[in-house]
Every structure is written in structure tokens, then in C-alpha cells.
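All remarks here apply to the structure that follows.
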Amino acid sequence: MTALIANVASASTSNISLSLNRQALIEGDILLQTRNHSAWGGAVTAQMFLPRHRSAVWSQITNYSRWVEFFPDVVRSEIIGASQGKKRLYQLARKAFLFFTAEAEIQLSVSELIDKTSQKLQFVMEQGTFKDFSATLELQDYDQGTLLTYSVQATPSFPVPSTIIQQAMRLDLPANMKQMRRVICGR
């Protein structure tokens with residue numbers, strides 16, 4: 001099940017009404033919040049609960065070659081370099097539509113940030129088939145497990161109305177997050 005909190009002007013990456021949605025998270029719901037990003041782009045924040053210790057989740061999500069297991073449309077994910085404390089990540093994704101297959105290629109700068117209360121990955125596009133792309137994945141201790149918050153904003157390089165982009169995010173991201181949970185939790 002997916003709980004949807006739609007079209008909110010701004011999102012907090014660390015709290016989508018957690019007090020109201022605690023039970024839904026623990027039961028496995030994916031909480032979503034979409035927002036406008038640009039005329040041709042979209043943005044979404046998704047949260048899910050993982051019944052695993054934060055350090056165990058961190059070790060899996062920072063194994064970037066495993067992202068092909070987390071996100072079915074990602075067919076290639078690999079570190080291609082590192083400098084100044086950041087990693088360079090290359091990803092290739094393919095998505096089949098009615099009569100064609102779209103392909104997206106992206107090189108990202110990845111920062112791994114760790115403090116006492118959370119661990120965070122920040123992704124910034126260096127080059128790719130998007131006009132712009134950035135994402136943050138944050139892990140926080142939550143109810144004897146881990147709260148994973150994933151926020152992404154993107155604008156494709158070709159004009160697509162933002163409502164269509166947001167709808168695609170609402171449909172695809174929950175399934176991707178559930179797949180990520182299955183892989184991380186070994187289910």
C-alpha cells in the first residue's frame with residue numbers, strides 16, 4: 001500500500017507527518033509527497049521503514065553496483081572515479097513504454113555524509129540525459145529499525161508536462177522502494 005500526500009509546495013526530507021503515519025510506515029506503506037520542480041520536471045519524496053539497523057542498510061545502499069537490484073529499470077550502476085571525498089557514479093536505465101523504450105544515462109557526483117543521527121547520500125548530476133537531476137537518500141534510526149527517505153527532483157531533456165512526470169513518479173517510485181526493501185531485508 002502507498003500513502004500519498006500530493007502536491008505540497010515544499011517537502012521536508014526528514015519528516016512527512018511521521019507522527020500521523022507511524023503505523024502505516026511500520027506496516028510497510030510507502031509515503032509519497034510530490035511537488036512541482038519546473039514546468040517540465042517533477043519532484044518527489046518517498047519514505048519507508050526498514051526493519052534493519054541503520055549501519056546494515058548503509059552498507060547495502062553504498063554498494064552502488066547493487067542498485068540494479070533495487071531499481072528494476074536501472075541496468076547498470078558503477079563507480080567510475082573518486083576525487084575530493086566524492087564518488088563519481090555512472091547509471092544507465094531503460095524504461096519500456098507502449099511502443100518504445102526510453103533510455104536515460106547519467107553521471108552523478110555522490111557525497112556520503114555521516115553524523116550521529118543520520119547517514120545521507122547526496123547525488124548531483126554531472127552530465128546525462130536530463131536537463132537537471134539531484135537526489136538525496138537519508139537514513140535515520142526509527143522504531144527499532146531505519147527510516148529511509150529518498151527525495152529526487154528531475155527535469156527531462158525533452159519537454160514533458162510536469163503533471164505527467166509527477167504521475168510517473170507516483171506510479172514507479174513505490175514499486176521501486178518496495179523492491180529496494182525486499183533486497184535489503186532479504187525477502
| task | Starting from the Cα of Lys86, draw a straight line to each of the lysines and keep only those under 25 Å, dropping any in the same chain fewer than 8 residues away. | result | Lys116, Lys120, Lys131
| note | For segment 60-167, inverting the pair-averaged 1/r of distinct alpha-carbon atoms gives a Kirkwood value in Å of 15.2
| message | Going by amide H atoms built from the backbone, whose H comes under 5 Å of the H on Arg52, apart from near neighbours? | response | Thr146
| remark: Here segment 171-178 yields Karplus 3J(HN,Hα) values (6.51, -1.76, 1.60; θ = phi - 60°; whole Hz; Gly and Pro given as x) of 7, 7, 4, x, 5, 5, 5, 5
| query | At each listed q (0.13, 0.27, 0.30 Å⁻¹), what is the log10 of I(q)/I(0) that the Debye formula gives for segment 21-82 modelled as equal alpha-carbon point scatterers? | reply | -0.56, -1.08, -1.10
| field | Helix-only CD estimate at 222 nm, as mean residue ellipticity for the chain, using -39500 (n - 2.57) per DSSP H run (n ≥ 4) | value | -7500 deg cm²/dmol
| task | Please name whichever of Met177, Ser151, Leu113 sits farthest to the positive end of the charge dipole of segment 109-187, dipole taken about the Cα centre and charges placed at Cβ: Lys and Arg +1, Asp and Glu -1. | result | Met177
| said: Using the Karplus curve 6.51 cos²θ - 1.76 cosθ + 1.60 with θ = phi - 60°, what ³J(HN,Hα) values do you get for each residue of segment 113-126, in whole Hz, with x for Gly and Pro? | reply: 10, 10, 9, 5, 9, 7, 10, 9, 10, 10, 10, 10, 5, 8
| query | Given +1 on the Cβ of Lys and Arg, -1 on the Cβ of Asp and Glu, and no further charges, what dipole in debye does the chain carry about its Cα centre, rounded to the nearest 20? | reply | 180
| message | 5 Å is the cut-off here: which amide hydrogens, built 1.01 Å from N in the peptide plane, fall below it relative to Gly41, excluding neighbours closer than 5 in sequence? | response | Ser162
| task | Note down the nm distance, to one decimal, between modelled labels 7 Å out along Cα→Cβ at Ile164 and at Gln179. | result | 2.2
| Positive-end residue of Thr163, Gln127, Ile30, charge dipole of the chain with Cβ unit charges | Ile30
| request: Between Thr129 and Thr101, with labels modelled 7 Å along Cα→Cβ, what's the label distance in nm to one decimal, could you check? | output: 1.1
| remark: Sequence order, segment 54-62: Karplus ³J(HN,Hα) from phi using 6.51 cos²θ - 1.76 cosθ + 1.60, θ = phi - 60°, Hz rounded, Gly and Pro as x, gives 4, 5, 5, 5, 4, 5, 7, 6, 8
| message | As a test of the definition: which semi-axes, in Å, follow for segment 103-159 when you take the square root of five times each eigenvalue of its alpha carbon gyration tensor? Largest first, please. | response | 28, 12, 7
| said: How big is the chain along each principal axis, measuring the range of its Cα positions in Å and listing the largest first? | reply: 43, 37, 30
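No lab work stands behind these numbers, since they all come straight from the coordinates. Values in this document were obtained by computation on a predicted structure and should not be read as measured data. Glycine also receives a Cβ, built like all others from the backbone with ideal geometry; neighbour counts cover every protein chain displayed.
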